[in-house]
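The structure appears below as structure tokens.
The values are calculated or read from the model by the stated rules, or taken from the named source; none is laboratory data. Since the structure is predicted, the reported quantities are computational estimates derived from the model, not experimental observations. All Cβ positions, glycine included, derive from the backbone under ideal geometry; neighbour counts span all protein chains shown. Just the protein is used for accessible areas: all its heavy atoms, side chains included, with ligands, DNA and RNA removed. Shrake-Rupley method; radii C 1.70, N 1.55, O 1.52, S 1.80 Å.
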Amino acid sequence: MGNTDSAVPTQNRAICAVVLAGGQGKRMKSDLPKPMFEVLDTPMLDWVLDACSQSGISDVCVVTGFNHGVIEAHLDGRCETVLQSERRGTGHAVMMTRKWLSRFPESDVLILNGDAPFIDCETILGALWQHRHKGNAVTVITASIDNPDGYGRILRSENGISGIIEDRDASPEQRKITEINSGAYWFDTKQLLYALDRIKSNNSQGEYYLTDSVFILLSAGFRADAYISANSNVVLGANDRKGLLLLNNTARFDIINRMMDEGVEFICTDGVTIGKNVCVGAGTKILQGVILKGKTEIGENCVVGPNCIIENCKIGSGVVLNSVQAYDSEVERGARIGPFVQLRPGSRIGAGVKIGNFVEIKNSTIGEDTSVSHLTYVGDSDVGCGVNFGCGVATANYDGENKYRTTIGNDAFIGCNTNLIAPVRIGNAAYTAAGSTITKDVPDGALAIERGEARVIHDYGTKRLKARIVKRTGKQ
Amino acid sequence: MGNTDSAVPTQNRAICAVVLAGGQGKRMKSDLPKPMFEVLDTPMLDWVLDACSQSGISDVCVVTGFNHGVIEAHLDGRCETVLQSERRGTGHAVMMTRKWLSRFPESDVLILNGDAPFIDCETILGALWQHRHKGNAVTVITASIDNPDGYGRILRSENGISGIIEDRDASPEQRKITEINSGAYWFDTKQLLYALDRIKSNNSQGEYYLTDSVFILLSAGFRADAYISANSNVVLGANDRKGLLLLNNTARFDIINRMMDEGVEFICTDGVTIGKNVCVGAGTKILQGVILKGKTEIGENCVVGPNCIIENCKIGSGVVLNSVQAYDSEVERGARIGPFVQLRPGSRIGAGVKIGNFVEIKNSTIGEDTSVSHLTYVGDSDVGCGVNFGCGVATANYDGENKYRTTIGNDAFIGCNTNLIAPVRIGNAAYTAAGSTITKDVPDGALAIERGEARVIHDYGTKRLKARIVKRTGKQ
Amino acid sequence: MGNTDSAVPTQNRAICAVVLAGGQGKRMKSDLPKPMFEVLDTPMLDWVLDACSQSGISDVCVVTGFNHGVIEAHLDGRCETVLQSERRGTGHAVMMTRKWLSRFPESDVLILNGDAPFIDCETILGALWQHRHKGNAVTVITASIDNPDGYGRILRSENGISGIIEDRDASPEQRKITEINSGAYWFDTKQLLYALDRIKSNNSQGEYYLTDSVFILLSAGFRADAYISANSNVVLGANDRKGLLLLNNTARFDIINRMMDEGVEFICTDGVTIGKNVCVGAGTKILQGVILKGKTEIGENCVVGPNCIIENCKIGSGVVLNSVQAYDSEVERGARIGPFVQLRPGSRIGAGVKIGNFVEIKNSTIGEDTSVSHLTYVGDSDVGCGVNFGCGVATANYDGENKYRTTIGNDAFIGCNTNLIAPVRIGNAAYTAAGSTITKDVPDGALAIERGEARVIHDYGTKRLKARIVKRTGKQ
């Protein structure tokens, strides 16, 4: 799961990858292809493709099957796909890529499962190094786990491995083996093609198993070996919603633990989910119920939470976010925001800004040290520095047909319940009086006021109170 | 805990139930009778009564004791009650129902504990089937659990059971028995009455124990047997707040696991509590901090959360609810609501409606595709389709004495900070200008505007800014 | 962790304490001294100092080291500090206090670690009692734990203890000892000074170890013994963020369990963190996501949550708080507040008050039975009883330079979107009309209304609708 910049082995030889993504996931009770189910808001397929890309593998072919249109639409040309129209086993799935593989005759090819999201760059490159160093035709990526029930076991020989035995075929002695097949492999592409020509479907299921290629290559005198991943999560996949929840929890705590190692503070991790592409600076405190998503960067010594959603945002250092939802926005150092605030896409909050309760900012720039304290909507606006918003200010940016911008100069003072009817400009150091609807530009330093006739009607309330008391007490 | 429609055994014989609800729960530190403590917001007594009703048992007698008025008020005539004025054991409690039981001479009677909430219909009917099939006088409902310490153990014989031995009286060999008494029984009513006449209180506590009835019936030559429930939670009860929390967690994860089997997605279950009468469609995502209560139905492919409370609501498919509290309301397909929204009772949100941040809807109908984006209160209103609400709109539905309705036609456009003084009607395609207080009906297609005199006072702000700077910097 | 009022032993002899607070905590990735890291929002050092103060120890000397200015600033003169400018071991740290100790020649001194927060008053006083009762020169505070790996083991003799053996020096047999050194000690001050003069640094690290004092005193014929704390958490400390999270979780569940014993109800403890100085009455329900901090008192039979932050508040009985953040405020019995409400410092909410969604109260008094239902800001105000606020009311308490108060009499009725421009007084039973900006006092029983000219422009909306439809459909 870690990032690494370590280069691929320097041997001057191509690498490519095939990702098997044809599965259905019937027990999920959904039409989504299995690799499209999400772990921490990212489809499992994308976890796998990210690991390829981090490993420097740019030539990737995805084998689709069940509801393939969903995957094709999701990939949107990011990598090639081939369709396995009948599902006849993993070997059969790889056979679909024969033509694609023939474009890389002098290469090694990585075979990955699109629904085993935790394969990582260290494992991929570590296995490749061994694969090449030992001259293997095939290198099985394996893990050693406490409870290997159900998995294929690795049979070690004096020189590499002598095979993989499925759980159901294993002897009692073999069942004790804890090194298991993750289903990921490095092959010499030429030898993979050789093996694919020889895999048979003469088994009870009538399927072509990719594991058979190991025996075929061993029989042909090639070398097969296994690479034990340090990360035993590489074997994890999910067949139902419970399994998927388990993957989410595994990913959650991997990321939270990594962040703690980097100096991030957690008081209570309940309800905290942090996506894999999120960065958080040392000394930042993450409170309960915080969801960090997408490509989000958070600076040092912030306090985030409780109950925030921060997605695709860049947050400076020393920022306080309390019960804030922020999307595709930027917040500069020292801003204090919340509670109960939404920053909608395209917002840029300057340093030292204070945004208080029940405020929405949308597609607007808020200058440094400006204060938007309560019950205000700032939309499609360019706000200067040191501005003070009273309570209940609304920018009327939409007239039912078009959206217009509002501009507010530095040090302006916007009175309570002011309506700013865009397009409009409030000048530097200008004032608007409480309750005014501003439809025309206000010059620098001026006060704009819109006010009706003020009257007092005596005894109105006194009479009404009598009626209210009658109502309350039921007595005249 | 599951629902079942399986019919009661077809033997043409009555069934009835006695529920023991006299306990106190001293260690709860509360005056509430123990069966009134809640698991997932439902009193334990109601869990038990629901299981009776799902099993087709309509004649139920509740034996009350400690603070019986609370239970009587809660039941409100739903079923009969008898008072056990002194607490002298479970046998004594059942004796109180003698007169009531005598109304069902040819019947089988189920004895349940009002503070063991997880008894279920499958167990009740499975036990009844065995009870009748084997011709038992008494059938003890049992469970097999890993740690039976403290429970009465079941002594099996060649033909049924030979007795129940209390933990404190058990021999070391008997203490190893893992089949335990849940405290629930089926009796042939006639034979129960026979046994009740013979239970003695000549024990150290001076109490009448219902378990003695098993020995009495065996001695009289009747058959006694035990039915092992597949659901070992049937034995669970709570004596203190920690035990109650454990019951809540047991129920929580039972329900969450059942929902996952049905295709509901959970990314993080922290803070998620779902009541037992809630239904959620496949493909719906439930995020952290979601509370679903009462009789709530949620459609397919929704996203609910984080941090919602949805109580007694019907939510259509494809709805998005983000940080929403909704009570006794209905939301149609494809509506997007949140964050920070409250739907108060009597709201009906049409398909495709968008409700944004800091909006409250109360006792109102919102037509399809209407948009209420921010900082608005819609109360006691009938709103048409395709309406656009600006920011800060308030319906003034209450004049201190009475509440009135507001009507808004299709395609109307309500300007920012408009006050709608009910009773009032805004016509189809009508506009209200920002900042207007609307006290009279607005015809279809018209614009209503209430605006005061607008003035600009030059240099007002400039002078004020000087004072502010002096204040800020402390310098003239 | 518990509070206790039990008196210190009655022997007429002084007690004092030295707290070692020089550590760095490198793996925290922060410049904060280790004892300043927080457990449940309280620095570990303060946990330790609180335990001293609860034990009746008022003379305390804190030994600082790494980044000592931070600790000095935090203590702000609360107790004396001495600087250990080089870090040369625990013995060396205590040597720094020689001069300070010499002020208490006839006393017992407690040595504590500033980063072991769970030392408690019962342990301190229990150990002191034994220390004096048995005439010990030194009493080591110990705990018995399941996995003692890494800790120094206590070597018991026929008369007290014969030493402490470090984990790395222990024989296989000694490694099985489960009684370990917590690092806290009672010393006869005179004998501690004697020992400090004799500790040597002739070990591989070149450090002075305080544990050596035990051997020195035993060799000199003094008595050493160990006191096993009933609370094995006294040994816990944290070296990294993961350890700190563990301390937080330990403290969280200790407090939650204590509260359950006191009759507080929890349905789901996820996201619940309660500070150590918080009191909650029996029968109160705490829901998920509740953060109680500082010196907060909550009455009986309240419902708090979900998702509240309550800090330094006094909450009466029967109060309902749903998604509320409240700071330095007071809420009287029976008030119902939320969802989505903030009470800022200095607010006092009367009995029976109802505060609804999207309301902020700041530095204001709200009289009994007043209702502030929606989208309102009440700041710097004195509000009477039985007042009704419409939706969208704003007190304009700030003119950019100064803050002013608003006064509202009993039974007043404030219309929707009213602006109250402070300083202003609304009389008893007075009304303000919706949409009015009130700049002058309103007499008792009067209605104040500020309203502009109202006009209707026919067909305005009809024409606009055509444009909107063209826009929407793209057709003329």
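Scanning the stretch A:76-107 for residues that are among the β-branched types (Val, Ile, Thr) and more than 17 Å from A:Leu217 (Cα to Cα) returns A:Thr81, A:Val82, A:Thr97. Name every residue in the stretch C:74-99 that is farther than 14 Å from C:Ala21 by Cβ, outside any loop (DSSP other than H, G, I, E, B) and either open to solvent by 40 Å² or more (accessible area, probe 1.4 Å) or among the aliphatic types (A, V, I, L, M) (or both), in order of residue number. Answer for the stretch C:74-99, where residues must be farther than 14 Å from C:Ala21 by Cβ, outside any loop (DSSP other than H, G, I, E, B) and either open to solvent by 40 Å² or more (accessible area, probe 1.4 Å) or among the aliphatic types (A, V, I, L, M) (or both): C:Met95, C:Arg98, C:Lys99.
Being open to solvent by less than 10 Å² (accessible area, probe 1.4 Å) and more than 19 Å from B:Pro306 (Cβ to Cβ) narrows it down to one residue among A:Val272, A:Val264, A:Val278; which is it? Give the steps one after another, and end with the answer.
Details: A:Val272 fails: more than 19 Å from B:Pro306 (Cβ to Cβ); A:Val278 fails: more than 19 Å from B:Pro306 (Cβ to Cβ).
Within the list A:Val272, A:Val264, A:Val278, the selection yields A:Val264.
Does C:Ile449 meet the test of being at the interface with chain A (Cβ under 8 Å from one of its Cβ atoms), open to solvent by less than 30 Å² (accessible area, probe 1.4 Å), without any contact (Cβ under 8 Å) to a residue 24 or more places away in the chain and β-branched (Val, Ile, Thr)? Criteria met by C:Ile449.
Within the stretch A:417-445, the residues that satisfy the criterion of being over 12 Å from B:His458 (Cα atoms) and part of a strand (DSSP E or B) are A:Asn419, A:Leu420, A:Ile421, A:Val424, A:Arg425, A:Ile426, A:Thr437, A:Ile438. When the stretch A:416-446 is filtered for residues that are open to solvent by 30 Å² or more (accessible area, probe 1.4 Å), within 44 Å of the chain's Cα centre (by Cα) and within 7 Å of another protein chain (Cβ to nearest Cβ), only A:Ile421 remains. If the condition is being of a type in the set (Ser, Thr, Tyr), under 26 Å from A:Asn357 (Cβ atoms) and over 22 Å from the mean Cα position of the chain (by Cα), then the stretch B:319-369 contributes only B:Ser364. Taking the criterion of being part of a strand (DSSP E or B) and open to solvent by less than 20 Å² (accessible area, probe 1.4 Å), the residues of the stretch C:113-140 that qualify are C:Val138, C:Thr139, C:Val140.
Hey, can you tell me all the residues within the stretch B:19-42 that are within 13 Å of another protein chain (Cβ to nearest Cβ) and under 15 Å from B:Gly237 (Cα atoms)? Steps first, please.
Initial filter on the stretch B:19-42 (within 13 Å of another protein chain (Cβ to nearest Cβ)): B:25-32, B:36-42.
Matches in the stretch B:19-42: B:Gly25, B:Lys26, B:Arg27, B:Met28, B:Met36, B:Phe37, B:Glu38, B:Val39, B:Leu40, B:Thr42.
Kindly indicate whether C:Gly390 is touching a residue at least 40 places away in the same chain (Cβ under 8 Å) and farther than 25 Å from C:Asn312 by Cα. Walk me through how you get there before you give the answer.
Details: touching a residue at least 40 places away in the same chain (Cβ under 8 Å): yes; farther than 25 Å from C:Asn312 by Cα: yes.
Yes.
Collect the residues in the stretch B:406-415 that are away from chain A (no Cβ under 14 Å) and either among the acidic types (Asp, Glu) or open to solvent by less than 20 Å² (accessible area, probe 1.4 Å) (or both), keeping them in residue-number order. So that I can check it myself, show each step before the final result.
Residues of the stretch B:406-415 away from chain A (no Cβ under 14 Å): B:406-409.
Hits for the stretch B:406-415 are B:Thr406, B:Ile408, B:Gly409.
Taking the conditions (1) surrounded by fewer than 21 Cβ atoms within 10 Å (Cβ to Cβ); (2) in contact with a Ser or Thr (Cβ under 9 Å, 6 or more places away or on another chain) in turn, B:Phe187 satisfies each one other than (1).
The single condition from (1) assigned to a loop (DSSP other than H, G, I, E, B); (2) open to solvent by less than 30 Å² (accessible area, probe 1.4 Å) that A:Gly237 fails is (2).
Among the residues of the stretch C:51-73, is any within 14 Å of another protein chain (Cβ to nearest Cβ), over 20 Å from C:His92 (Cβ atoms) and open to solvent by 40 Å² or more (accessible area, probe 1.4 Å)? Steps first, answer last, please.
First pass over the stretch C:51-73, keeping only residues within 14 Å of another protein chain (Cβ to nearest Cβ): C:67, C:70.
Subset that is over 20 Å from C:His92 (Cβ atoms): C:70.
So of that shortlist, the ones also open to solvent by 40 Å² or more (accessible area, probe 1.4 Å) come out as C:70.
The answer is yes; a qualifying residue exists.
Of note, C:Arg87 satisfies the criterion of being out of contact with any strand residue (DSSP E or B) (no Cβ under 9 Å at 6 or more places or on another chain), closer than 18 Å to C:Gly183 by Cα and not assigned by TED's automatic domain parsing to the domain that holds C:Ile274. Once the stretch C:168-181 is narrowed to residues that are open to solvent by less than 60 Å² (accessible area, probe 1.4 Å) and farther than 14 Å from C:Thr142 by Cβ, the residue that is farthest from the chain's Cα centre (by Cα) is C:Ser171. If you go through the stretch C:373-386 one residue at a time, do you hit one that is within 25 Å of C:Ala434 (Cα to Cα), touching a Phe, Trp or Tyr at 6+ places or on another chain (Cβ under 9 Å) and surrounded by fewer than 24 Cβ atoms within 10 Å (Cβ to Cβ)? Yes; the residues of the stretch C:373-386 include at least one that is within 25 Å of C:Ala434 (Cα to Cα), touching a Phe, Trp or Tyr at 6+ places or on another chain (Cβ under 9 Å) and surrounded by fewer than 24 Cβ atoms within 10 Å (Cβ to Cβ). Checked against the criterion of being outside the structural domain of C:Val372 (by TED's automatic domain parsing) and surrounded by 19 or more Cβ atoms within 10 Å (Cβ to Cβ), the candidates C:Arg464, C:Arg455 yield just one match: C:Arg464. Scanning the stretch A:275-298 for residues that are under 22 Å from C:Lys34 (Cα atoms) and either part of a loop (DSSP other than H, G, I, E, B) or more than 10 Å from chain C (Cβ to nearest Cβ) (or both) yields A:Val280, A:Gly281, A:Ala282, A:Gly283, A:Thr284, A:Ile286, A:Leu287. Of all residues being touching a helix residue (DSSP H, G or I) at 6+ places or on another chain (Cβ under 8 Å) and in a loop (DSSP other than H, G, I, E, B) in the stretch B:253-274, which is nearest to the other protein chains (Cβ to nearest Cβ)? Just the residue, please. Restricting to residues being touching a helix residue (DSSP H, G or I) at 6+ places or on another chain (Cβ under 8 Å) and in a loop (DSSP other than H, G, I, E, B), the top hit is B:Gly263.
Does C:Leu110 meet the test of being touching a residue at least 60 places away in the same chain (Cβ under 8 Å), within 26 Å of C:Phe222 (Cβ to Cβ), in contact with a Cys (Cβ under 8 Å, 6 or more places away or on another chain) and not in a loop (DSSP other than H, G, I, E, B)? Please lay out each step first, then the result.
Numbers: touching a residue at least 60 places away in the same chain (Cβ under 8 Å): yes; within 26 Å of C:Phe222 (Cβ to Cβ): yes; in contact with a Cys (Cβ under 8 Å, 6 or more places away or on another chain): yes; not in a loop (DSSP other than H, G, I, E, B): yes.
When the stated conditions are applied, C:Leu110 passes them.
Of all residues in the stretch A:388-405, which are buried (at least 24 other Cβ atoms within 10 Å of the Cβ) and either in a loop (DSSP other than H, G, I, E, B) or within 12 Å of chain B (Cβ to nearest Cβ) (or both)? Full working, then the answer.
Residues of the stretch A:388-405 buried (at least 24 other Cβ atoms within 10 Å of the Cβ): A:389-397.
Result: A:Gly390, A:Cys391, A:Gly392, A:Val393, A:Ala394, A:Thr395, A:Ala396, A:Asn397.
Specify which of the listed residues (B:Asn357, B:Asn307) is part of a loop (DSSP other than H, G, I, E, B), buried (at least 21 other Cβ atoms within 10 Å of the Cβ) and either in contact with a strand residue (DSSP E or B) (Cβ under 8 Å, 6 or more places away or on another chain) or of a type in the set (A, V, I, L, M, F, W, C) (or both).
Numbers: B:Asn307 fails: either in contact with a strand residue (DSSP E or B) (Cβ under 8 Å, 6 or more places away or on another chain) or of a type in the set (A, V, I, L, M, F, W, C) (or both).
Criteria check complete, one pass: B:Asn357.
The set of residues in the stretch C:312-328 being away from chain B (no Cβ under 13 Å) and crowded, with 24+ Cβ neighbours inside 10 Å consists of C:Cys313, C:Ile315, C:Val319, C:Leu321, C:Ala326.
Is it the case that C:Gly69 is at pLDDT 95 or above, within 28 Å of C:Gln191 (Cβ to Cβ), among the small types (Gly, Ala, Ser) and not in a strand (DSSP E or B)? Steps first, answer last, please.
Numbers: at pLDDT 95 or above: yes; within 28 Å of C:Gln191 (Cβ to Cβ): no; among the small types (Gly, Ala, Ser): yes; not in a strand (DSSP E or B): yes.
The answer is no for C:Gly69.
What is the one condition in (1) farther than 28 Å from B:Leu45 by Cβ; (2) crowded, with 21+ Cβ neighbours inside 10 Å; (3) not assigned by TED's automatic domain parsing to the domain that holds B:Ile291 that B:Ser229 does not satisfy? With (1) farther than 28 Å from B:Leu45 by Cβ; (2) crowded, with 21+ Cβ neighbours inside 10 Å; (3) not assigned by TED's automatic domain parsing to the domain that holds B:Ile291 applied to B:Ser229, the lone miss is (1).
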